[in-house]
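Structure first, then comments.
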Amino acid sequence: EARPLVLSVESSCDETAMALIDGHGRICANVVATSIDFHARFGGVVPEIASRKHVEAIVGVFEETMAQAGRHFGCDTLTADDLDAVGVTAGPGLVGALVVGVAFAKGLSAAADLPLVPVNHLEGHMLANLFAAPDLRPPFVASLVSGGNTMLVHVRAWGDYQILGATIDDAVGEAFDKVAKALGLGYPGGPVISRLAARGNRKAIHFPRAMMHSGDYRFSLSGLKTAVITYIEGEMRAGRPIDLPDLAASFEAAVIDVQVAKALAAVEETGVGDFCVGGGVAANPQLREAYVRKFSRRGVRVSVPPMAVCGDNGAMIAVCALRSLRADADFVERPETGLPLDA
Ligand code: KG4
């Protein structure tokens with residue numbers, strides 16, 4: 001195997017996740033336990049529940065990760081002595097949730113005398129792209145879209161990240177979740193809205209493209225959410241049935257048009273030839289397709305993470321830890337034998 005063997009711990013929101021990767025960036029184990037079912041009836045993640053579920057899950061997730069890695073290497077299980085480093089999500093995220101993963105990682109690193117590498121969760125979402133595009137190298141522009149964040153980042157070099165702009169209110173994933181909640185479609189809203197949108201008419205209802213022409217890289221999603229809710233209320237008052245696919249497609253189109261236009265402007269202004277998307281919303285097929293269609297025409301290469309690592313996971317955190325341990329530009333030793341995820 002290729003050293004170092006890096007174990008990672010992720011607990012920033014409602015997933016307790018760990019992974020083990022080798023020096024090629026190859027995934028030897030990847031385990032995700034989610035507490036999403038316990039939050040669903042509240043229409044969003046409840047921080048206190050998330051924290052408690054991490055406490056309950058974390059030892060089991062560790063044991064499963066070490067057992068999976070053991071199978072990968074042809075033995076029963078790995079032990080802490082087999083590891084070379086521990087990476088852990090240090091933020092951003094829910095403080096009470098983060099603290100569970102950080103406490104576990106610190107304990108492991110102290111007990112087994114391993115270096116502890118703090119990782120930024122958003123860098124994780126960005127580097128998840130390496131599992132699909134192992135040759136992705138800075139400079140590039142990244143769009144990070146999740147339940148808690150919406151931003152455009154100019155990656156000038158690994159570790160040198162310039163935030164070009166971010167949302168001034170709701171995140172994109174949050175807008176999907178709130179619209180789904182208003183329609184009684186449950187939580188999380190992204191997957192169900194995008195499935196409906198796929199068979200709807202994106203031009204059926206006109207919703208505002210907020211800050212489309214603001215001349216900067218800031219976003220605003222809360223007005224769009226209000227416009228959709230106002231539309232739903234109006235139709236219900238008038239006794240008209242709501243066409244869910246058309247509504248979903250029209251809402252999604254308003255989001256996508258702004259995301260694509262601003263990302264294009266960022267790519268043009270920075271002059272980079274590569275663009276990538278990260279975060280839970282990167283799993284949206286219409287968004288992925290819109291980027292590929294609009295950017296390829298301009299000769300810009302678009303990367304999207306494999307579906308399996310769009311949501312929160314340990315593998316993306318482990319890759320960031322590996323990058324921190326190796327300060328050089330090509331921190332993955334042999335991308336051709338590592339990284340790509342069989343998903
Ligand atoms: O990255 P993630 O798992 O957690 C955060 O760090 O926030 O992202 C979760 C978010 C949720 O808001 C969820 O509704 C959204 O990603 N999401 C989607 C889709 N799948 C998940 N949004 C739009 N379309 C999707 N297909």
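Considering only residues that are under 17 Å from Ala142 (Cβ atoms) and either of a type outside the set (Val, Ile, Thr) or out of contact with any helix residue (DSSP H, G or I) (no Cβ under 6 Å at 6 or more places or on another chain) (or both), which ones fall in region 299-310? Steps first, please.
Going through region 299-310, the residues under 17 Å from Ala142 (Cβ atoms) turn out to be 300-306, 309-310.
Arg301, Ser303, Pro305, Pro306, Cys310 - these are the residues of region 299-310 that are under 17 Å from Ala142 (Cβ atoms) and either of a type outside the set (Val, Ile, Thr) or out of contact with any helix residue (DSSP H, G or I) (no Cβ under 6 Å at 6 or more places or on another chain) (or both).
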Whether any residue in region 82-101 is away from the ligand (no atom under 16 Å from the Cβ), without any contact (Cβ under 8 Å) to a residue 40 or more places away in the chain and surrounded by fewer than 20 Cβ atoms within 10 Å (Cβ to Cβ) is what I want to check.
no
Does any residue of region 17-36 turn out to be assigned to a helix (DSSP H, G or I), away from the ligand (no atom under 14 Å from the Cβ) and crowded, with 23+ Cβ neighbours inside 10 Å?
no
Of residues in region 118-152 being more than 17 Å from Val300 (Cβ to Cβ) and among the hydroxyl-bearing types (Ser, Thr, Tyr), the one nearest to the ligand (Cβ to nearest atom):
Ser146
Looking only at region 59-75, filter to residues that are surrounded by 21 or more Cβ atoms within 10 Å (Cβ to Cβ) and among the β-branched types (Val, Ile, Thr); which one of those is nearest to Phe38 (Cα to Cα)?
Val61
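Let's see how each residue does on (1) without any contact (Cβ under 8 Å) to a residue 60 or more places away in the chain; (2) aliphatic (A, V, I, L, M); (3) in the same structural domain as Val153 (by TED's automatic domain parsing):
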{"position": "Val255", "(1), (2), (3)": "no, yes, yes"}
{"position": "Val258", "(1), (2), (3)": "yes, yes, yes"}
{"position": "Ala263", "(1), (2), (3)": "no, yes, yes"}
{"position": "Glu268", "(1), (2), (3)": "yes, no, yes"}
{"position": "Ala282", "(1), (2), (3)": "no, yes, yes"}
{"position": "Arg288", "(1), (2), (3)": "yes, no, yes"}
{"position": "Lys294", "(1), (2), (3)": "yes, no, yes"}
{"position": "Ala315", "(1), (2), (3)": "no, yes, no"}
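For region 199-214, which residues satisfy the criterion of being away from the ligand (no atom under 16 Å from the Cβ), under 16 Å from Gln259 (Cβ atoms) and not hydrophobic (A, V, I, L, M, F, W, C)?
Residues of region 199-214 that are away from the ligand (no atom under 16 Å from the Cβ), as a first pass: 201, 203-206, 208-214.
Still in the running and under 16 Å from Gln259 (Cβ atoms): 208-214.
Pro208, Arg209, His213, Ser214, listed by residue number.
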Out of region 163-198, which residues are within 19 Å of the chain's Cα centre (by Cα), assigned to a loop (DSSP other than H, G, I, E, B) and within 11 Å of the ligand (Cβ to nearest atom)?
Asp170, Ala171, Tyr187, Pro188
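Sort out which residues of region 171-204 are of a type in the set (Val, Ile, Thr) and either outside the structural domain of Ile256 (by TED's automatic domain parsing) or surrounded by fewer than 21 Cβ atoms within 10 Å (Cβ to Cβ) (or both), and write them in order of number.
Narrowing region 171-204 to residues of a type in the set (Val, Ile, Thr): 172, 179, 192-193.
Residue satisfying the conditions is Val192 alone.
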Going through region 228-262 one residue at a time, which ones are within 16 Å of the ligand (Cβ to nearest atom) and under 19 Å from Leu144 (Cβ atoms)?
Glu252, Val255, Ile256, Asp257, Val258, Gln259, Val260
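The values are calculated or read from the model by the stated rules, or taken from the named source; none is laboratory data. A quick note: this is a predicted structure, and the numbers were derived from the prediction, not measured. Every residue, glycine among them, receives a Cβ derived from its backbone with ideal geometry; neighbour counts consider all protein chains shown.
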